[in-house]
1. Name the residue that is modelled with the lowest pLDDT, counting only residues in region 734-757 that are in contact with a helix residue (DSSP H, G or I) (Cβ under 6 Å, 6 or more places away or on another chain) and within 20 Å of residue 373 (Cα to Cα).
2. Pick out the one residue from 256, 248, 230 that is within 30 Å of residue 863 (Cβ to Cβ) and among the aliphatic types (A, V, I, L, M).
3. For region 1070-1099: of the residues being in contact with a Gly (Cβ under 8 Å, 6 or more places away or on another chain) and under 21 Å from residue 1051 (Cβ atoms), which is surrounded by the fewest Cβ atoms within 10 Å (Cβ to Cβ)?
4. Looking at 830, 777, 818 in this structure, which one is over 60 Å from the mean Cα position of the chain (by Cα), among the small types (Gly, Ala, Ser) and closer than 30 Å to residue 365 by Cα?
5. Within region 4-44, take every residue that is surrounded by fewer than 23 Cβ atoms within 10 Å (Cβ to Cβ), aliphatic (A, V, I, L, M) and assigned to a loop (DSSP other than H, G, I, E, B) and give me the one that is farthest from the chain's Cα centre (by Cα).
6. Run down 111, 59, 74 and say which single residue is over 23 Å from the mean Cα position of the chain (by Cα), more than 30 Å from residue 1116 (Cβ to Cβ) and not aromatic (Phe, Trp, Tyr).
7. Given the conditions (1) assigned to a helix (DSSP H, G or I); (2) touching a helix residue (DSSP H, G or I) at 6+ places or on another chain (Cβ under 6 Å), report the number of the one that residue 1050 does not fulfil.
8. Please give the number of the condition residue 1080 fails out of (1) part of a helix (DSSP H, G or I); (2) over 44 Å from the mean Cα position of the chain (by Cα); (3) modelled with pLDDT under 85; (4) not basic (Lys, Arg).
Amino acid sequence: MPARFARLRIAGFKSFADATTVEILPGLTGVVGPNGCGKSNVIEALRWAMGEANARNMRGGEMEDVIFAGTAGRASRNLAEVTLTLEETSGLAPPPFHEAADLEISRKIERGSGSSYRVNGKEARARDVQTLFADLASGSRASAMVSQGRVGALVNARPDERRALLEEAAGITGLHARRHEAELKLKAAEQNLSRAEDLKGQIESRLAELKKQSRQASRYRNLSGAIRAAEAELLAIQRAVAQAAQTAAQAAFNLADAKVTEATIASTEAATYAAETEALLPQLRSTEAEARTLLERARIAQEQSAEAETRARASLTEARMRVDTLARDHAHASKLAADAEAAQNRLDEEQTRLLTELVSAPALLEAAGQAEDAALEAMREAEAAANRATEDAARIAAESDAARRALGEAESRAKRAASRRAEIEAEFNRLSATLVPAERVATAEAERTAAEAALLMAREAVTVAEGERASAEAALAAARTEAAAADSAATKIATEYDALAALLAQKFGREGAPILDSISVPPGLEVALGAALREELSASAELAAARHWRQLPPLELTVVPLKSFANLVTGPAALTRALSHILLLPDGADGDIHQGNLTPGQILVSREGAVWRWDGYTIRPGATSEAAVRLAQRNRLNALEAERATTRTAAESGRAARAQAELTERNARAAEQAARDARRCAEQRFDRARSEAVRLVAEAERASAKLATVKAQYDQTSAEAAEAQAIFTDIQSKAAELPDIHVARAAVEAARAALNTARQAESAARRELETLRSADATRTKRLEILDRERGDWVERARDATDRLTDLTARRTEAEITAAGLTDAPAVAAAARRDALDALGAAEASHRRAAEALHVAQTNADTAARQARAAETALSNAREARAREEGNITAANHAWGTVAERILERLGAAPALPDPPADLTPDSEDKARKRWERLTREREEMGPVNLRADIEAEEAEAAIATIERERDEITSAIAKLRGSIGHLNREGRERLSAVFTEVDKHFQTLFSRMFGGGKAHLALVGSDDPLEAGLEIYAQPPGKKLATLSLLSGGEQALTALSLIFAVFKCNPAPISVLDEVDAPLDDANVERFCSLLEDMVRETGTRFLVVTHHHLTMARMDRLYGVTMQERGISRLLSVDLARAVDMIEPAGHAMAAE
């Protein structure tokens, strides 16, 4: 055998709370023990380790029920583990254990976590473990695992259910699993193909939408630039409004603070008066409290005196009642003493009578026992004679009935055999006419070959088209990238240009066009010129403006070795004098040195914005001005105008190149689709041709197999017909030699009459003996009871005497107590009257103290109300001041909010435009409406996907990927269909081949198990062996041929075991488990069964585990495992090696014989 099962280790499984190891050694291993001790748990542990997944097959409601559940003395376990060790397994296990010489397969289950498998300590799938055991012809449901009820299940199974035995014998149990797995993969692949087509359509629709979104994103960016400029204007107005609100809030706060000071003075004066009136109250309260205390004490004294009077009266009444009760108890105790003396006299008389009867009882019992023994012996002799007569009559009747039944069955069998032979001959002729011609099979194979060649050519064409399409996609992706980059650059330049143009179009000065817009400044000098002239550049060149530049002739200036801005900047003539007085500091020079050489009116500036004026005024670099920013923006706008034209041309060229690449890619995709369609047609043609060829081959194989089966059935039926006729003749001759049944029945009646007479005599003697014995036992028991009762009455008399003495003393004491309590109620009544007089005086004193306290409290309350009114006025003044302080905080918060929004939206130190002079709500409303209009236009666009270009490229790449995956799935589907067809052919061939071998082994084993007879197997229900059922026909010795269900219980068990072992011999398993399969067998059949097991061990090397209660089976085992339950609910395992025990006993026996 390729592998051996070596040992089984069980821990925490069902009743095995402690770790237990079962060594699975060569030969026959028996498992014995009383019912309910856990024998079957050993077998279930083995099946569970092999992959059993149904909790009901493990006799549980759910799989966690296999974990040890605990007993009264042992706690439950949280996990169970079963480990199975296999040897010589090289090449059998799945990777990475393929080359392992030994395997240790364990299965562990933990409460709430499910079960897991490990192979040599590494995690493994349940499917891999189950397939491994299936390939070894083992497993939890293999035919070698014959559990309790398996034989009965095989007998009651349908023919198609019995086919599993043939599949296991053919070794295709694992093949079924692999075919099922391939079918699941095929179904999954077809679903994946459908999903790929759906996904491709969805992405193509998405791609068209993304192209529209790309155009929306461009317009969105242009609107965003205009919105930023409008928001800057709105924020400038809001900042000016917040500054005005801060000033107004501060003035209101100062006024409220003065009112708080006045209210504070008034509140202090009222509080002082209230404190003075409150100081008088403590002394008056103390006086009133002392008077109230005296009043409470007087009231308590009065209540205590009343209670004392009540207690005195109750004590007197109680003492008198106690005297009466003791008198009644004394009379009752006297009566008990008299009753006890009378009972003792009566018991003494009964005891004397019973002792007299007890002396004469032994002689009567001895005589009755002798009579009963004699009657019993006579009855046994009569019973033996009746049994002998009945057995003779039954044997003769059974032989006669058997002869009649056998004669009728033999005749019927002969007729059925002849009819069956005629039916089979007709079936053979019909099948011969339906054989598939070889020409049709050859034509189908040729068509399949041609279709396969066409499919290969179509696949090559698809590969070429895929390459061309991939090249076109790469070129299209490059063109799209370049076009997107050009569009992005053009959009960015245009957006910046439009934003700057809109910003410069806003009004810079308060009136008229600023002269700044007429100046042309070289790049890099904007900050210097803005720092020199600053706000003056916002004045107009028009003389009618309030602030304007007027043209004046140039002045004579001292020559300074520095460049004048009149030579660097181009501007209106009105600025000539001003520009000529502005000098540029060379890079790296120190302005502080040159400042002293400046003449009146001259200004020295640096490129960074530092200013040194002729009169000593100096500005350090970094202080930017709005004029400088506007000059820089105008220079940037001029530069952008040229860049805009260049980028626009580049974008148009990129779009044209992209359109050409898209056309090329569409043509390549169309060519690829055409190639795929051609390949699909070729695949369909190949599938049809292959299916037709497979169908014809399978049909021819089925017809040939069925024809061979029918031929074998015809030969067998002919032999059965001849055998039936011979049996009929033999039974006829034996029936004539049988004895007469009437003589035997008359002898039985006479014997039964004698037996009835003997039984009646024996029954009467036995009743007489039992009556005497019962009377003797009753007397003895009554004497014991009398002794106990007499002792009880003596004790009662003594108790009654003691109680009389005690009651007399207690009665005298109670009478003395009652006499002493007679005057107590009158004394208590006088004390109560004195306490009432003292209570009246205390109440008058308390009323006077309470009235004085009330007057003082009224004055103090009036002063307190006046103080509270002053405090309320102070609180209102403070609240008014707090509100004004809150207004300041709100104004500061509003200013902070505007500043924070400016920082958030425009950054630090932004160049905001000047707000209008009037700061009316209309100006802010106008700016807000312009900003809201632009924002609304952008929002009306709805959601805009700014990544539309990128997502479109990703969608095109995804479509290409899906098409490649679709082709791969199509190829995989074709391969899976071919694999399933191959598995079906292989299974059909192996099943047909093994059927003949199993049938041969079954016929041999059946004759061996029954000591004769015949049996055979047949495939029924379908022409396809993979779908046909297995029917069993058996003919035990001396009986007619019948199906398995028509046999007796013992015959069914032997026939089912013959089939199981026939399958086993075709595909021997490393291990076989037989769980009480010998239960329905008699001793002779058990002997044959055990001999067969020993032969199977020698022929196959299989290791058998046999669970049994039969002593003959135990004697034939090589070793025994005893399962005990010494501790309730806990199974333990003991082992005995019978072979070694015999070896040890034989030398000892020889030694004893020699002595």
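The values are calculated or read from the model by the stated rules, or taken from the named source; none is laboratory data. Only a predicted model underlies this, so the values are computations on that prediction, with no experimental measurement involved. Backbone-built Cβ (ideal geometry, glycine too); neighbour counts: all protein chains shown.
1. Applying the filter and picking the extreme gives 755.
2. So the residue among 256, 248, 230 that is within 30 Å of residue 863 (Cβ to Cβ) and among the aliphatic types (A, V, I, L, M) is 256.
3. Result: 1082.
4. 777
5. 25
6. It is 74.
7. (2)
8. (1)
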